[in-house]
Amino acid sequence: MKIAEQIYRVLNWGGLRKQIVLLAVSGASLLGSLFNLFPHAHFDLSWIAIVLCGIPLVTEATLGLVTKFDIRAGVLVSIALISSIYVGEYFAAGEVAFIMQLGELLEDLTVARARAGIERLVKLTPATARRLLNGKEEILPAANIVPGDMLRVLPGETVPVDGVIVSGQTSLNQANITGESLPVDKTVGDEVFSGTINQFGAFEMEAVKTDSDSFIQRMIKLVQSADADKAKVVRIADRWATWIVGAALLTALVAWGVTGELIRAVSILVVFCPCSLVLATPTAIMAAIGNATKHGFLVKEGDALEKLANVTRVAFDKTGTLTVGEPKVALVKSFNREYSDEETYKLAAAVEQYSEHPLGKAIVRCYREETQNEIPSADGFETKPGKGVRCEVDGKATLAGNERMLAESGVELNAEQLYEIDQERMLGRTVVVVAQSKIPIGFVSLGDSLRTNAKSVVESILTSYATPTLLTGDNSHSANHFAAELGIKDVHANCLPEDKLNFIGEYQKKNDLVCMVGDGVNDAPALKKAHVGIAMGGIGSDVAAEAADITLVGDDVKELPHLFALSKKMMRKIVFNLSLSMGINLVAVILAAFGFLGPVVGALVHNGGSFVVIANSALLLGYKVYE
């Protein structure tokens with residue numbers, strides 16, 4: 001058996017280019033044999049195809065049958081190939097081997113798995129950390145950090161390990177963990193995770209986990225385990241192989257027993273070969289992938305569209321997937337009759353114009369874009385990390401921040417004002433309150449916004465394809481607000497990557513086939529775990545794109561319904577191809593049994609069936625969904 005395995009490895013060389021060269025040489029040899037282009041050759045040219053395409057196929061089928069009793073389509077082809085050689089019909093033997101290898105090549109061309117995402121995950125964690133020891137700062141490899149070490153993280157740096165803040169205040173970009181677009185303010189006692197980015201304000205932290213047990217390392221393990229658990233679709237021809245092999249052998253034996261002509265039995269085996277059956281799936285998949293590419297999708301997994309056609313639930317990430325993914329001013333409200341909403345907005349922009357905080361920058365950016373007005377000058381700018389900013393505008397002490405900063409500055413909000421602020425937070429927004437001379441002036445509310453086509457996409461999927469679900473790292477107020485706008489009833493908020501992974505696992509236990517649509521690093525494990533993963537490639541992370549089966553390059557979610565419709569159209573096309581190929585085979589078997597088809601003519605007929613299947617599949621290239 002070891003010798004057979006070695007022969008198989010030598011003949012079945014890897015690499016798509018080598019496969020293409022082998023098929024090109026084999027195809028040329030078959031044409032030379034069919035038209036007798038080299039009459040003075042000392043052997044039938046079909047032997048070239050038999051050796052290059054047939055021996056690897058026979059060896060693989062034999063190994064699978066003997067070691068695992070694995071009956072696949074290659075078993076029948078091997079029997080037909082050997083029988084054809086036995087009766088001297090070399091062209092028929094070479095032809096069926098060639099078609100089978102062509103099917104294998106087409107399948108290999110549709111499977112281009114990318115594993116670089118795990119490497120990118122590793123790069124999210126810095127290689128070094130700043131450790132504080134005996135009052136001195138030293139830089140050392142993050143891998144050397146142990147629980148209890150005191151670390152310092154400067155503005156713009158990435159948190160090296162999981163820990164707790166012991167000194168200082170800051171704002172962290174946690175998009176890698178939660179996918180949340182808005183930064184999160186952190187102060188003493190708050191947890192921080194490896195891979196998150198310190199927006200501004202240095203802080204000191206105590207490490208609570210080692211680098212190997214950090215959040216990012218757990219992410220890597222989650223992606224790997226989800227990938228290992230992911231079931232692969234079995235080729236349809238192989239699924240039916242046992243029945244095909246049994247029917248072919250029985251029919252051939254009956255024909256041989258009744259007529260006494262071995263050539264009839266061989267002819268039946270040749271035309272019974274499931275070559276067109278083997279081509280039915282990969283040709284349709286390749287054409288569908290070509291169509292998907294024109295609509296902005298890169299399909300990396302060969303069976304992704306086949307699986308997408310059967311999904312019963314579509315789980316969406318929120319931020320960056322169904323929403324734009326960046327904070328914008330949603331509402332400006334004045335508390336004071338002496339200040340209009342416009343004047344409150346201008347005052348907020350004046351206070352925030354020198355701020356490095358993402359929310360401050362968003363206020364300034366939106367004010368300039370919406371009003372086209374100049375921002376008043378401000379003096380004595382001072383920032384309070386985790387609270388807000390203060391300065392002097394027109395000689396008056398002015399501040400913009402949260403309630404903690406207002407309280408520390410002696411600014412009191414009445415019950416009605418607090419109620420209005422809470423109402424905004426119920427919508428999932430972040431509120432920046434503006435005060436001047438210890439008098440509350442008003443507030444600016446910031447939040448994410450839905451993509452233009454998000455609602456119609458969700459409605460289309462709900463109506464025609466599957467049940468939508470929202471899995472988001474955002475708080476429950478924000479999640480429920482956007483879910484209500486989108487018409488999604490199944491909502492899970494405050495999800496860490498493990499939570500998204502677990503929810504998908506729970507749905508799968510209930511026999512739901514889940515498609516996950518996401519964009520961030522935090523979505524990578526869920527994208528891997530899901531029956532099909534679709535990543536937003538334009539603004540999404542490389543890690544998410546690498547973990548997914550399909551990448552939406554342009555981030556235009558309006559194309560998602562087309563992808564679902566295309567997958568279902570592709571499956572209908574595959575069923576038609578299978579029916580057509582089996583119909584052709586049935587007629588050819590009957591003709592062969594009655595002696596009207598010999599092995600060579602039978603091989604050509606069944607070759608013609610293969611080309612009909614290919615031509616039918618090619619129609620998918622121009623498929624469009626008309627609304």
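The values are calculated or read from the model by the stated rules, or taken from the named source; none is laboratory data. None of these values were measured; they are calculated from a predicted model. Neighbour counts are summed over all protein chains in view; Cβ atoms, including those assigned to glycine, are modelled from backbone coordinates with ideal geometry.
One residue stands out among those in segment 459-480 that are outside any helix (DSSP H, G or I) and in contact with a strand residue (DSSP E or B) (Cβ under 6 Å, 6 or more places away or on another chain): the one that is surrounded by the fewest Cβ atoms within 10 Å (Cβ to Cβ), which is Thr467.
Evaluate segment 438-450: report whether one residue or more is in contact (Cβ under 8 Å) with a residue 24 or more places away in the chain, touching a Gly at 6+ places or on another chain (Cβ under 7 Å) and either buried (at least 22 other Cβ atoms within 10 Å of the Cβ) or hydrophobic (A, V, I, L, M, F, W, C) (or both). Scanning segment 438-450 turns up at least one residue that is in contact (Cβ under 8 Å) with a residue 24 or more places away in the chain, touching a Gly at 6+ places or on another chain (Cβ under 7 Å) and either buried (at least 22 other Cβ atoms within 10 Å of the Cβ) or hydrophobic (A, V, I, L, M, F, W, C) (or both). Taking (1) over 24 Å from Ala309 (Cα atoms); (2) at pLDDT below 90; (3) of a type outside the set (Phe, Trp, Tyr); (4) crowded, with 19+ Cβ neighbours inside 10 Å in turn, Asp519 satisfies each apart from (1). Scanning segment 135-177 for residues that are in contact with a Leu (Cβ under 8 Å, 6 or more places away or on another chain), closer than 30 Å to Asp317 by Cβ and surrounded by fewer than 22 Cβ atoms within 10 Å (Cβ to Cβ) gives a single hit, Thr158. What tally of residues in segment 1-26 results from selecting those that are modelled with pLDDT of 50 or more and either closer than 28 Å to Leu65 by Cα or over 41 Å from the mean Cα position of the chain (by Cα) (or both)? Matching residues across segment 1-26 total 9.
Whether any residue in segment 553-575 is at pLDDT 85 or above, buried (at least 20 other Cβ atoms within 10 Å of the Cβ) and more than 22 Å from Gly622 (Cα to Cα) is what I want to check. No: zero hits.
Pairs are defined by a Cβ separation below 6 Å, a sequence spacing of at least 6 or placement on different chains, a first member in segment 488-512 that is more than 13 Å from Asp317 (Cβ to Cβ), and a second member that is surrounded by 17 or more Cβ atoms within 10 Å (Cβ to Cβ); the pairs so defined are Asp490/Thr469; Tyr507/Arg313; Tyr507/Val514; Asp512/Arg313.
Screening Val111 with (1) modelled with pLDDT under 85; (2) surrounded by 14 or more Cβ atoms within 10 Å (Cβ to Cβ); (3) touching a helix residue (DSSP H, G or I) at 6+ places or on another chain (Cβ under 8 Å) gives one miss only, at (3). Can you tell me which residue in segment 413-431 is nearest to Gly325 (Cα to Cα), limited to those that are surrounded by 13 or more Cβ atoms within 10 Å (Cβ to Cβ) and of a type in the set (D, E, K, R)? The qualifying residue nearest to Gly325 (Cα to Cα) is Arg429.
Residues are listed down the side, and each one gets a yes or a no for (1) in a loop (DSSP other than H, G, I, E, B); (2) of a type in the set (Val, Ile, Thr); (3) in contact with a Gly (Cβ under 7 Å, 6 or more places away or on another chain); (4) assigned by TED's automatic domain parsing to the domain that holds Gly442:
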{"residue": "Tyr339", "(1), (2), (3), (4)": "yes, no, yes, yes"}
{"residue": "Thr344", "(1), (2), (3), (4)": "no, yes, yes, yes"}
{"residue": "Ala348", "(1), (2), (3), (4)": "no, no, no, yes"}
{"residue": "Tyr354", "(1), (2), (3), (4)": "yes, no, no, yes"}
{"residue": "Ile363", "(1), (2), (3), (4)": "no, yes, no, yes"}
{"residue": "Glu369", "(1), (2), (3), (4)": "no, no, no, yes"}
{"residue": "Glu374", "(1), (2), (3), (4)": "yes, no, no, yes"}
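Selection within segment 304-336: residues that are at pLDDT below 85 and surrounded by 21 or more Cβ atoms within 10 Å (Cβ to Cβ). The member of this set that is nearest to Lys438 (Cα to Cα) is Gly325.
Quick one: in segment 71-108, of everything that is within 40 Å of the chain's Cα centre (by Cα) and among the acidic types (Asp, Glu), which residue is modelled with the highest pLDDT? Among residues in segment 71-108 that are within 40 Å of the chain's Cα centre (by Cα) and among the acidic types (Asp, Glu), the one modelled with the highest pLDDT is Glu95.
Say we look at segment 377-397 and pick out the residues that are part of a loop (DSSP other than H, G, I, E, B) and in contact (Cβ under 8 Å) with a residue 60 or more places away in the chain; which of these is surrounded by the most Cβ atoms within 10 Å (Cβ to Cβ)?
The first filter runs over segment 377-397 and keeps only residues part of a loop (DSSP other than H, G, I, E, B), leaving 377-378, 385-387, 394-395.
Keeping just the survivors that are in contact (Cβ under 8 Å) with a residue 60 or more places away in the chain gives 385-387.
Details: Pro385: 21, Gly386: 23, Lys387: 20.
Across segment 377-397, the extreme among qualifying residues is Gly386.
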